[in-house]
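Inspection log for the structure reproduced underneath, given as structure tokens.
The values are calculated or read from the model by the stated rules, or taken from the named source; none is laboratory data. Only a predicted model underlies this, so the values are computations on that prediction, with no experimental measurement involved. Glycine also receives a Cβ, built like all others from the backbone with ideal geometry; neighbour counts cover every protein chain displayed.
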């Protein structure tokens, strides 16, 4: 539709995805996709068990994380490219997220 000023006026629908703040029992994987290493940031520092599984659910690596900075890195250079699942757990929760190794 043309306006009185010779400009075109058009309305486009825009969707905004809700940005959720991490909860106390949550973690973030980055970068995703990853190459070389993957970082895990937990919301609350503490002691965690980290389990890395391939897409078939086979456990391929584990690591205990005890940190005051709430960030842990895992070397993934020896793993093939593909989809993986990372589980972070402690006495209060267990959470699993997917990520990609390039």
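If a residue must be over 17 Å from the mean Cα position of the chain (by Cα), farther than 15 Å from residue 42 by Cβ and either surrounded by 11 or more Cβ atoms within 10 Å (Cβ to Cβ) or touching a residue at least 40 places away in the same chain (Cβ under 8 Å) (or both), how many such residues does the range 63-102 contain? Matching residues across the range 63-102 total 2. Take the conditions modelled with pLDDT under 95, on the phi > 0 side of the Ramachandran plot and touching a strand residue (DSSP E or B) at 6+ places or on another chain (Cβ under 9 Å) and apply them to residue 70. Does it pass? Here the answer is yes, as residue 70 does meet what is asked. Taken over the range 7-51, residues that are at pLDDT 90 or above and either over 19 Å from residue 100 (Cα atoms) or outside any strand (DSSP E or B) (or both) amount to 3. Selection over the range 52-86 of residues that are within 17 Å of residue 100 (Cβ to Cβ) and in a strand (DSSP E or B) gives a count of 13.
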